[in-house]
Ligand SMILES: Nc1ncnc2c1ncn2[C@@H]1O[C@H](COP(=O)(O)OP(=O)(O)OP(=O)(O)O)[C@@H](O)[C@H]1O
Ligand SMILES: [Mg+2]
């Protein structure tokens, strides 16, 4: 494969760069409709080189559609931008050559072995020595004991590991991973994420969509998209802080009944059970405080001030977005 270099010279790629870091994804105003329904609306985002960028949002919010526009598989109806410095409208072939895209569904051959699948990918990408490239990937991902096994017979976790191996085999600069760990057990997910971090450490940029909050917290930056609109982005801490959600955690007896009362109380915007506690949230701290004062003082539950979780923030963003939909 030809040595690929990240172009940083075009004006689009240089725009908005922070502290000189190269911008790998730089898109502005992306919009896409299917059958007259807009599923991605005016989406602007930037991803810096070497970052693990998490893409979160409810089902059908436009994550996969966005990923497909970024790598040139879908043309936006409007908007523009670059991926790895290449224009997403006119240089899709160059983007595809340097991007590893792991689709939401397992896309390797179930009736080929692990080694055969990897060799096949190496041939498609015209690598010099497909056998050696496949062996490298097998070693790197710890697939030695499973190299002869049919891909279709692997467990979910190993299938995803193989798919990741196939993705990185051609030496991409950017990985687009669409829900790579859906339905995978916690240990396999953790191993998968350790590998993603190792790849980022080597300079690869990773855009990964996920529904798991623990995975969001392992990203350097995240973006939250609902109903086609990008509603929040930044580090996890920034996203939580910018939500300005006042939060109380309540413990004690009769929480279910209390939750019902709170849901009908003006000034309380969200009530969510968390294990043996209740999270009570409001967008206006003063209103929430006033609305809950009597309950807090009368007991019998114990109320304490808390920080919202990332999940609280996302559910709040989603419900606000639905109200405006
Ligand atoms: N090729 C298509 N033709 C028509 N509608 C489509 C097409 N692709 C996606 N859609 C619709 O666009 C919307 C956004 O879909 P998309 O797959 O991008 O969401 P998503 O955020 O990836 O969801 P999930 O979390 O379920 O994977 C959905 O309503 C989907 O049905
Ligand atoms: Mg999707």
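Every read-out reported here was derived from the displayed coordinates using simple, explicitly stated rules and does not represent laboratory data. Since the model is a prediction, treat every value here as computed from it, not as a measurement. With ideal geometry, Cβ positions are generated from the backbone for all residues, glycine too; neighbour counts draw on all protein chains shown.
Listing for the model above:
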| quantity | calculated |
| --- | --- |
| Hits in segment 73-116 - residues which are crowded, with 21+ Cβ neighbours inside 10 Å and at positive phi | 81, 84, 85 |
| Search result, residues across segment 54-92 that are under 25 Å from residue 200 (Cα atoms) and away from ligand 2 (no atom under 16 Å from the Cβ) | 72, 81, 82, 83, 84, 85, 86, 87, 88, 91, 92 |
| Residues located in segment 214-238, provided they are touching a strand residue (DSSP E or B) at 6+ places or on another chain (Cβ under 8 Å), closer than 18 Å to residue 180 by Cα and more than 16 Å from ligand 1 (Cβ to nearest atom) | 218, 219, 220, 221 |
| Conditions (1) out of contact with any helix residue (DSSP H, G or I) (no Cβ under 8 Å at 6 or more places or on another chain); (2) touching a residue at least 24 places away in the same chain (Cβ under 8 Å): number failed by residue 82 | (1) |
| Contacts under 6 angstrom Cβ, first residue in segment 53-72 being closer than 12 Å to residue 32 by Cα, partner part of a helix (DSSP H, G or I) and more than 6 Å from ligand 1 (Cβ to nearest atom), 6 or more apart | none |
| Selection from segment 305-325 of residues that are surrounded by 11 or more Cβ atoms within 10 Å (Cβ to Cβ) and part of a strand (DSSP E or B) | 306 |
| Matching residues in segment 49-68 - criterion: being in a strand (DSSP E or B) and touching a helix residue (DSSP H, G or I) at 6+ places or on another chain (Cβ under 8 Å) | 52, 54, 55, 56 |
| Strands (runs of 3 or more DSSP E) fully within segment 205-254 counting 2 or more residues that are away from ligand 2 (no atom under 16 Å from the Cβ) and more than 11 Å from the chain's Cα centre (by Cα) | 229-234, 246-251 |
| Selection within segment 195-213 - away from ligand 1 (no atom under 14 Å from the Cβ), closer than 26 Å to residue 226 by Cβ and free of Cβ contacts under 8 Å to residues at least 60 places away in the same chain | none |
| Segment 263-304: number of residues that are out of contact with any helix residue (DSSP H, G or I) (no Cβ under 8 Å at 6 or more places or on another chain), more than 30 Å from residue 225 (Cβ to Cβ) and in a strand (DSSP E or B) | 2 |
| Top-ranked residue of segment 162-181 - restricted to ones that are over 18 Å from the mean Cα position of the chain (by Cα) and part of a loop (DSSP other than H, G, I, E, B), ranked as nearest to ligand 2 (Cβ to nearest atom) | 172 |
| Test: residue 66 is within 24 Å of residue 42 (Cα to Cα), within 15 Å of ligand 1 (Cβ to nearest atom), within 24 Å of the chain's Cα centre (by Cα) and crowded, with 16+ Cβ neighbours inside 10 Å | yes |
